[in-house]
Structures are given as C-alpha cells and as structure tokens.
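Heads up: the structure comes next, in structure tokens.
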Amino acid sequence: GYTVWAHNLIAIARLRGSDLKVLEVTEESIDFDQGELADQDVDPVHNLIEQVSLGLGQPWHAVMDIESLSVFTEPNRHFYREMQSFSEDI
C-alpha cells in the first residue's frame, strides 16, 4: 500500500490541470493532515473532491480498490458500495 497526502493531490491537479487525463487514487490510500481534520466546519473529503475537480477542470472522485480490478462486474461494485455505505452508518 501507499499513502497520498490530500494536499499533494490538490497540488497535482492544479499543476497539471486538464492536461492530466487520469488521476486514479484509491480512497484507502488518501491521508489528511491533522489541520484538515481539525476544521469541523469543512468535510475534508468533500473539500478534496471539490478542489481536485476544480484543478482538473472536470469531476473527480477517488476510486474504491474494487473499481481498479476490472474482473468485477457492475453488480459486484454496486454491492460493495452499498456495503461500505451501510457500514459507515453503523
């Protein structure tokens, strides 16, 4: 596994902009600075998605590990997303 700092993803998106065609990073590999997590007024994940999307000039989101494996069918991905959503609510 590897870790990518959220502020580095934002910087990459701003520097490369629309010239960067693929920026694929898994949700599990993104890490946030303590300062970003301490600000209770801003959701750090939402802010990251918004800032990277602005930098790239197109919608962006982190991928789930399962999305990077093309052997999984869309129903399997949907099930995985639903299970993640369910477990977040517990």
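Taking a Cβ cut-off of under 13 Å around TRP60, the surrounding Lys, Arg, Asp and Glu residues balance to a net charge of 0, with basic ones at +1 and acidic ones at -1.
Other residues whose C-beta falls under 13 angstrom from the C-beta of ASN8 contribute a net charge of -1, scoring Lys and Arg +1 and Asp and Glu -1. With the simple spin-label model, which puts each label point 7 Å out from Cα in the Cβ direction, the SER85 to GLU28 separation comes to 2.1 nm.
Is the range 4-65 best put as rounded, prolate or oblate by its Cα gyration tensor, with a ≥ b ≥ c the root eigenvalues, rounded for a/c under 1.5, and otherwise prolate when a/b is larger than b/c, oblate when not? Prolate, because a/c is 1.5 or more and a/b exceeds b/c.
Since every read-out is calculated from the coordinates, none of them should be taken as a lab result. Remember, it's a predicted structure, so these values are computed and weren't measured experimentally. As a convention, Cβ positions derive from the backbone with ideal geometry for all residues, glycine included, and neighbour counts pool all protein chains shown.
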